[in-house]
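**Q** One structure is given below, represented as C-alpha cells, and several questions about it will come after.
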Amino acid sequence: MLSKMNVLLIENNDADIENLCLHLTPFANHLSLTIVKDGETALAILRGQPPHVRLQHPYLILFDLNLPSMDGFTFLDELRRDPELRTCIVFVLTESGDDATITMAYKCGIAGCFSKAKLDAQFAQFLVAYSVIVEFPPM
Amino acid sequence: MLPHLLHILLIEDNEIEAKRLYHLLQSHMQTVVIIWVTTGEQALHALCGTGGQKRLPRPYLILLDFNLPQRTSFAFLQQLRADPDLRQSSVFVMGEGGATADKEEAYRLGIVAYLNKATLAAKPEAFVQLLLWYSNTAELLPRK
C-alpha cells in the first residue's frame with residue numbers, strides 16, 4: 001500500500017526542473033522522481049526499451065505540452081495507441097495556460113492540467129495525497 | 001483577491017453515501033458549494049443549464065459514483081468527453097475497487113483519480129486534502 005509512487009517528469013526547461021525538484025525532495029519517502037527531456041526517451045522508459053529500465057508501477061506522468069522534438073500531441077497519441085500505456089495517468093504542465101490547447105489535450109484523455117507557475121509545495125502535497133489514497137490503473 | 005468559490009457536482013444515487021460526503025466536504029472546505037444529483041442525466045443538465053436546472057458556475061469539480069445503475073456512469077463520462085464545452089472537466093471517480101476493466105476504461109476516459117469507497121471511508125481527511133490541493137493548484141477549465 002505504501003509503495004513509492006514514481007513521477008516521470010518530461011520537461012526540457014532547467015529552471016522548471018529545478019523548481020519541481022526543490023518542492024518534491026522533502027517528500028522523497030513517498031515520491032521518486034525520474035526526469036527526461038523529450039517524449040521519445042519517455043516512451044522508451046515506459047516501454048522498457050534497452051538500455052532503459054522500465055518504469056515501475058505505480059506511476060504518473062507530468063508532461064510539458066510544449067516540448068521541442070516530439071510534439072506533445074504526438075506523444076499523447078502514442079501513449080493512447082499503445083495497449084500497455086493507454087490507461088496511464090498524464091497531467092499536463094503548461095506555461096501559457098491557453099484554454100484551447102489544454103482542451104485539445106483532454107481529447108487525448110489527460111487527467112488534468114497544472115500551470116507551471118503553481119508547481120509549489122501544495123502541488124507536492126497533492127502528489128503525496130494522490131500516492132496514498134488513489135487506486136492506480138491496472139498494470 | 002477573494003478565493004473563487006469552488007462548486008462540486010456530486011453524482012451519487014445512494015442517499016446515505018451522498019449525505020456522508022456532503023457533510024465531510026462541507027465541514028472541511030470553507031469556500032465550497034456542493035450540488036448533489038443522483039443520475040448522470042441530471043448532472044449533464046446541471047452542467048449545461050438545461051432541463052430546468054441552473055447552470056453550474058465555473059470553476060467546478062465532479063465527484064462521480066462509478067456504480068450508477070445500468071452503467072450510466074460510463075455513459076456520463078463518455079458524453080462529457082464528447083462535448084467540446086465540458087470535455088475539460090476534472091472528474092474524481094468513486095468506485096468499489098476490483099473490476100479492473102472498469103478502472104482501466106475510466107482512466108482511459110481521462111479521470112483525475114479513481115478512489116475506492118472503502119479507502120474514502122477509512123481516510124476521509126486524505127480525501128479532503130486531495131481535493132483541496134487539487135483545486136488550489138490545478139487549472140480548472142474553463143476559467144470563467
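**Q** For the stretch B:135-144, state whether one or more residues are part of a helix (DSSP H, G or I), at the interface with another protein chain (Cβ under 7 Å from one of its Cβ atoms) and more than 21 Å from A:CYS88 (Cβ to Cβ). Show your work before the answer.
**A** Let us first name the residues in the stretch B:135-144 that are part of a helix (DSSP H, G or I), namely B:135-137.
Filter again for at the interface with another protein chain (Cβ under 7 Å from one of its Cβ atoms), leaving B:136-137.
Right, trim to more than 21 Å from A:CYS88 (Cβ to Cβ) and you get B:136.
Scanning the stretch B:135-144 turns up at least one residue that is part of a helix (DSSP H, G or I), at the interface with another protein chain (Cβ under 7 Å from one of its Cβ atoms) and more than 21 Å from A:CYS88 (Cβ to Cβ).
**Q** Can you spot a residue in the stretch B:3-22 that is in contact with a helix residue (DSSP H, G or I) (Cβ under 9 Å, 6 or more places away or on another chain), of a type in the set (Val, Ile, Thr) and under 16 Å from B:LYS117 (Cβ atoms)?
**A** The answer is yes; a qualifying residue exists.
**Q** Among the residues that make up the stretch B:26-43, is at least one of them within 17 Å of B:SER135 (Cβ to Cβ), at pLDDT 90 or above, among the small types (Gly, Ala, Ser) and in contact with a helix residue (DSSP H, G or I) (Cβ under 8 Å, 6 or more places away or on another chain)?
**A** no
**Q** Within the group B:ASP85, B:ASP65, which residue is acidic (Asp, Glu) and surrounded by fewer than 19 Cβ atoms within 10 Å (Cβ to Cβ)? Spell out the reasoning first.
**A** Details: B:ASP65 fails: surrounded by fewer than 19 Cβ atoms within 10 Å (Cβ to Cβ).
Exactly one residue qualifies, and that residue is B:ASP85.
**Q** I need the full set of residues from the stretch B:21-61 which are surrounded by 14 or more Cβ atoms within 10 Å (Cβ to Cβ) and of a type in the set (S, T, N, Q), in order please.
**A** B:THR38, B:THR39, B:GLN42, B:GLN53, listed by residue number.
**Q** For residues that are more than 8 Å from chain B (Cβ to nearest Cβ) and at pLDDT 90 or above, scanning just the stretch A:92-115, find the one that is nearest to B:GLU105 (Cα to Cα).
**A** Checked the stretch A:92-115; the qualifying residue nearest to B:GLU105 (Cα to Cα) is A:VAL92.
**Q** Would you confirm whether or not the stretch B:113-120 contains a residue that is charged (D, E, K, R), under 14 Å from the mean Cα position of the chain (by Cα) and more than 9 Å from chain A (Cβ to nearest Cβ)?
**A** The answer is yes, given that some residue of the stretch B:113-120 is charged (D, E, K, R), under 14 Å from the mean Cα position of the chain (by Cα) and more than 9 Å from chain A (Cβ to nearest Cβ).
**Q** Taking the conditions exactly as written (among the hydrophobic types (A, V, I, L, M, F, W, C) and in a loop (DSSP other than H, G, I, E, B)), does A:LEU33 satisfy them or not? If you could, list the steps in order and put the result at the bottom.
**A** Details: among the hydrophobic types (A, V, I, L, M, F, W, C): yes; in a loop (DSSP other than H, G, I, E, B): no.
No; evaluated as a whole, the condition is false for this residue.
**Q** Related question: Since A:THR101 meets every condition but one in (1) under 20 Å from B:VAL91 (Cα atoms); (2) crowded, with 19+ Cβ neighbours inside 10 Å, which condition does it not meet?
**A** Here A:THR101 clears every test but (2).
**Q** Does the stretch A:126-139 hold any residues that are assigned to a helix (DSSP H, G or I), more than 7 Å from chain B (Cβ to nearest Cβ) and among the aliphatic types (A, V, I, L, M), and which are they? Step through it out loud before you land on a result.
**A** As a first pass, look at the stretch A:126-139 and keep what is assigned to a helix (DSSP H, G or I): A:126-133.
After this cut, where a residue has to be more than 7 Å from chain B (Cβ to nearest Cβ) as well, the list is A:127-128, A:131.
A:LEU127, A:VAL128 - these are the residues of the stretch A:126-139 that are assigned to a helix (DSSP H, G or I), more than 7 Å from chain B (Cβ to nearest Cβ) and among the aliphatic types (A, V, I, L, M).
**Q** Please give the number of the condition A:LYS118 fails out of (1) exposed (fewer than 15 other Cβ atoms within 10 Å of the Cβ); (2) more than 8 Å from chain B (Cβ to nearest Cβ).
**A** (2)
**Q** Would you mind finding the one in A:PRO51, A:PRO68, A:PRO83 that is in contact (Cβ under 8 Å) with a residue 24 or more places away in the chain and either within 22 Å of A:GLU135 (Cβ to Cβ) or more than 13 Å from the chain's Cα centre (by Cα) (or both)?
**A** Details: A:PRO51 fails: in contact (Cβ under 8 Å) with a residue 24 or more places away in the chain; A:PRO83 fails: in contact (Cβ under 8 Å) with a residue 24 or more places away in the chain.
A:PRO68 is the lone residue from the list that is in contact (Cβ under 8 Å) with a residue 24 or more places away in the chain and either within 22 Å of A:GLU135 (Cβ to Cβ) or more than 13 Å from the chain's Cα centre (by Cα) (or both).
Table: residues versus (1) under 18 Å from B:PRO124 (Cα atoms); (2) modelled with pLDDT of 95 or more.
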site	(1), (2)
B:LEU24	yes, no
B:LEU63	yes, yes
B:LEU68	no, no
B:ARG71	no, no
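**Q** Got a sec? Which of A:PHE114, A:PHE91 is of a type in the set (Phe, Trp, Tyr), closer than 24 Å to B:GLN78 by Cβ and within 14 Å of the chain's Cα centre (by Cα)? Outline the logic, then answer.
**A** Numbers: A:PHE114 fails: closer than 24 Å to B:GLN78 by Cβ.
Going through A:PHE114, A:PHE91 in turn, the sole match is A:PHE91.
**Q** Considering only residues that are under 17 Å from A:ARG86 (Cβ atoms), at the interface with chain A (Cβ under 7 Å from one of its Cβ atoms) and touching a residue at least 12 places away in the same chain (Cβ under 8 Å), look in the stretch B:87-111 and name the one that is nearest to the chain's Cα centre (by Cα).
**A** Across the stretch B:87-111, the extreme among qualifying residues is B:ILE111.
**Q** If you don't mind, another one. Have a look at A:PHE63, A:PHE123, A:PHE75 and point out the one that is under 21 Å from A:ASP16 (Cβ atoms), at pLDDT 90 or above and facing another protein chain (nearest Cβ under 8 Å). Outline the logic, then answer.
**A** On the way: A:PHE63 fails: facing another protein chain (nearest Cβ under 8 Å); A:PHE75 fails: facing another protein chain (nearest Cβ under 8 Å).
Checking each option against the conditions leaves just A:PHE123.
The values are calculated or read from the model by the stated rules, or taken from the named source; none is laboratory data. It should be emphasised that the depicted structure is a prediction, and the values quoted were computed from it without experimental measurement. Positions of Cβ are generated from backbone atoms using ideal geometry, with glycine treated the same way; all protein chains shown enter the neighbour counts.
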